[in-house]
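Chemist: Below is a structure I'd like to ask you about.
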Ligand code: NAP
C-alpha cells in the first residue's frame, strides 16, 4: 500500500494541468500528477516538476492510493468523452465522500448529469470554471466552483490559495449547486467574446473608416483603458498595437499578451 502523501491528484498534464500543479506546489500542497499517456508523467517529473514536492502515478490505482482522505481528484482534460471516461474508471476506486473536480471547459448540462451520477454513488462532484489561460493557471486563475456543496469545505483552502487575488480578496468562491460553476464560466466566456468582438469592430472602424495607423489606435485604446473601459483586453490591445514587429517573430517580452492570443486563437480562455 502506497503512503498517502498527496493532498490532491490532478489528471491531465497538458498546458492547464501542468501549470495548475506547479501553482498548487508553490502554495505548499502536495500534488499527485497523472496523465493518460504516462510518459508525460515521467517527463513532467524530470523537467518542470524536478526538485518540487510533486509526485506522480502511472495508473489510477497508484494515484488513488497516494491520496489523503477524503480524496480530492481534479480532472483537467479535453472536455466531453474524456471526462466521462475518467469518471467511470475512478468510481470503482473511490470511497463514499471522495471528491472529483472537473476543471475543464465542460458544458454545464454535462456537469448537471455527472452531479446526479456521482450522488447516486455517494461521491461528491464539483464542476469548476477555470479562467486565465496558461499564465492564470500558473500564477493565479479565477476559479468558479459549483456542484455538491459538501465538497466545498474540503477544497476551499486549496482553491482560495492558488487563485488570483483582487485587492487581496480571492477570485474564487462557491458559485452554487449542480452545473453552476460551468454555467458561470460559459457566461464569463460569452461576455469575454462579446468584448473581443467589440474591440475588433472598433479596430476595424478606426483602421478602415478613419484611416488611423497602429500608433494612433494604440493611443485611443490606452486612453480608453484609463476610464470606465479599463480592462485586461483593452490594455493588451493597446500594447499589441504599440508593439513593433521588426523581424517577423512574436514578442518574447510580454508573455501575458502572447499566451492570451494563443488561447484566443485556440478558442479557449
Ligand atoms: P487539452 O488540449 O484540452 O487536453 C489535453 C489533455 O486531455 C491531455 O492530458 C490528454 O491526454 C487528455 N485527453 C484528451 N483526450 C483524452 C481521452 N480521450 N482520454 C483521456 N485523456 C484525454 O488541454 P488544456 O489546454 O490543458 O485544457 C484542459 C481543459 O481546460 C480543457 O477542458 C480546456 O477547454 C480547459 N481550459 C483550457 C484553457 C487554456 O487556455 N488552454 C483555459 C481554461 C480552460 P494525453 O496526453 O494522453 O493525450
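Taken together, the values in this text are just the output of simple stated rules run on the coordinates, not laboratory data. The structure displayed is predicted, hence computed values, not measured ones. FYI the Cβ positions are ideal-geometry reconstructions off the backbone, even for glycines, and counts take in every protein chain you see.
Chemist: Once both labels are modelled 7 Å past Cα along the beta-carbon direction, what's the residue 4-residue 215 spacing in nm?
Modeler: The two pseudo-label positions are separated by 6.5 nm.
Chemist: State the antiparallel share, in %, of DSSP beta bridges confined to the stretch 1-145, rounding to the nearest 5.
Modeler: Close to 20 percent.
Chemist: For 74, 196, which order do you get if you count the other beta carbons within 10 Å of each Cβ and list the fewest first? The partial results should precede the final answer.
Modeler: Numbers: 74 26, 196 14.
The most exposed by this proxy come first: 196, 74.
Chemist: Based on the mean of other beta carbon atoms within 10 Å per residue, what is the order of 104-112, 79-87, 205-213, most packed first?
Modeler: For the peptides 104-112, 79-87, 205-213, the packing ranking is 104-112, 79-87, 205-213.
Chemist: Given the options 32, 163, 200, which has the most mean-square fluctuation in a GNM of the chain, springs set between C-alpha atoms less than 10 angstrom apart?
Modeler: Of 32, 163, 200, the most mobile in the Gaussian network model is 200.
Chemist: Next up: Taking every DSSP beta bridge with both residues inside the stretch 83-146, roughly what % is antiparallel (nearest 5)?
Modeler: 55
Chemist: Another question about this same structure. For the chain, what log10 I(q)/I(0) values come out of the Debye formula at q = 0.07, 0.11, 0.12, 0.15 1/Å, with one point per alpha carbon and no solvent?
Modeler: Ignoring solvent entirely, the Cα scatterers give -0.29, -0.66, -0.76, -1.07.
Chemist: Still on this structure, I have one more. Using a 10 angstrom cutoff on alpha carbons, build the Gaussian network for the chain and name the most mobile of 240, 54, 162.
Modeler: Of 240, 54, 162, the Gaussian network model singles out 240 as fluctuating most.
Chemist: Between residue 201 and residue 39, with labels modelled 7 Å along Cα→Cβ, what's the label distance in nm to one decimal, could you check?
Modeler: Modelled inter-label distance: 4.8 nm.
Chemist: What percent antiparallel are the DSSP beta bridges of the chain, to the nearest 5?
Modeler: 30
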